[in-house]
Amino acid sequence: MEKSSKLKIQIIMGRDMSKSNLKVKPIEKKNNLKVVTKPDIKTTKYSDINLKKWKEYSHVKTDTLWEFPARLKEGGHSNEYHGNYIPQIAQQVYERFTKEDDIVLDLFFGSGTSGIEAINMKRRCIGVELKDELAEKVSEKFTPKQLVTDVNIICADSASEIAKEKVQARLDVMGRKQAQFLMLHPPYDDIIKFSDRKEDLSNCSSTEEFYDLFEKVAKNGYDLLEKGRFACLIIGDSYKNSEVQPLGFMCMARMMNLGFKLKGIIVKDIQGNERAKGKTANLWRYRALAGGFYIFKHEYVMIFQKG
């Protein structure tokens, strides 16, 4: 072997030997590191429903036909006020479209169903009621503390700018810029007269005026509702001048014109939920046969989202 080749082999071997003499620093174990596991929770921005355990929510309705055998009378609810909606609707829409501590805005507060169920489900509520005496009576359903921290009742015309300003002031006090859910349960035109005040939607001189006044209320609700959050309209139709007045679909159209996106039309069976209707069932059946119309056994629960 040539001398130069031997020298190269020695140099290479020397390098390999030098590498073999290197001390490898052992890797230190960091015992202080914590293993972070992702919680088994997945929710939307508007609900506390855990989508990873969606099968546990069989009580939450996702279909468009709602049937309840009777009006709920527990949890602070009563049926002394004619025209209030059944609490089960609030239970359904609150769980679907709100989180704990969210604020529900009800612009037709009435007997306070929205506020009572808000308390029961750890939500908060601002209710606007036109009639002074009713607002005062309903306030007795809540404790003094609840009336400060959880439920605010405003006596005002929901279609007015004053009502909007008062709601905004309450929202500021409650630490929110806007409400997280809007509930609308207006009178069904003039079927039931709730007062003699001209601002009352049940006293409109025509159904067209009813639509116009409703739209003003809905506009206030739209402006006060947080973007991306939901609204619920509970309404039935009426029969006037020998024809059906499609209050539900007309009010739906007015809300869509304001910018609300329609997310669902639910038909709710009102049998068993009405007050004293059974006593006059035969009379209504006779009138239907004689007049060529059909007896309403449903109302609508319409769901919207603010875009």
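Observations, loosely collected:
- Lone unmet requirement of (1) at pLDDT below 95; (2) within 26 Å of THR62 (Cα to Cα) for ALA276: (2)
- Any hit, region 135-142, residues being touching a Cys at 6+ places or on another chain (Cβ under 9 Å), under 24 Å from LYS164 (Cβ atoms) and of a type in the set (Gly, Ala, Ser): yes
- Any hit, region 117-135, residues being in a loop (DSSP other than H, G, I, E, B), out of contact with any Gly (no Cβ under 7 Å at 6 or more places or on another chain) and over 28 Å from GLU299 (Cα atoms): no
- Screening the candidates GLU226, GLU209 for the property of being among the acidic types (Asp, Glu) and closer than 24 Å to VAL93 by Cβ yields one hit, GLU226.
- Residues satisfying the stated conditions in region 39-69, i.e. touching a helix residue (DSSP H, G or I) at 6+ places or on another chain (Cβ under 6 Å), at pLDDT 95 or above and over 24 Å from ILE86 (Cα atoms): LYS42
- Only one of the numbered conditions (1) under 25 Å from GLN88 (Cα atoms); (2) loosely packed, with under 14 Cβ neighbours inside 10 Å; (3) at pLDDT 90 or above is violated by LEU233, and that is (2).
- Within region 190-209, being out of contact with any Pro (no Cβ under 8 Å at 6 or more places or on another chain), within 20 Å of ASN241 (Cβ to Cβ) and either surrounded by 14 or more Cβ atoms within 10 Å (Cβ to Cβ) or acidic (Asp, Glu) (or both) holds for ASP190, ILE191, ASN203, CYS204, THR207, GLU208, GLU209.
- Check on ALA159, over 21 Å from the mean Cα position of the chain (by Cα) and surrounded by 19 or more Cβ atoms within 10 Å (Cβ to Cβ): no
- Test: residue in region 172-188 that is assigned to a helix (DSSP H, G or I) and among the small types (Gly, Ala, Ser): no
- Residue check, SER158 in contact (Cβ under 8 Å) with a residue 12 or more places away in the chain, touching a strand residue (DSSP E or B) at 6+ places or on another chain (Cβ under 8 Å) and either of a type outside the set (Gly, Ala, Ser) or closer than 28 Å to LYS268 by Cα (or both): yes
- Entirely in region 204-307, the helices (runs of 4 or more DSSP H) that have 3 or more residues that are at negative phi, in contact (Cβ under 8 Å) with a residue 24 or more places away in the chain and over 21 Å from the mean Cα position of the chain (by Cα): 207-224
The values are calculated or read from the model by the stated rules, or taken from the named source; none is laboratory data. Keep in mind that this is a model prediction, so the values were computed, not measured. Backbone-built Cβ (ideal geometry, glycine too); neighbour counts: all protein chains shown.
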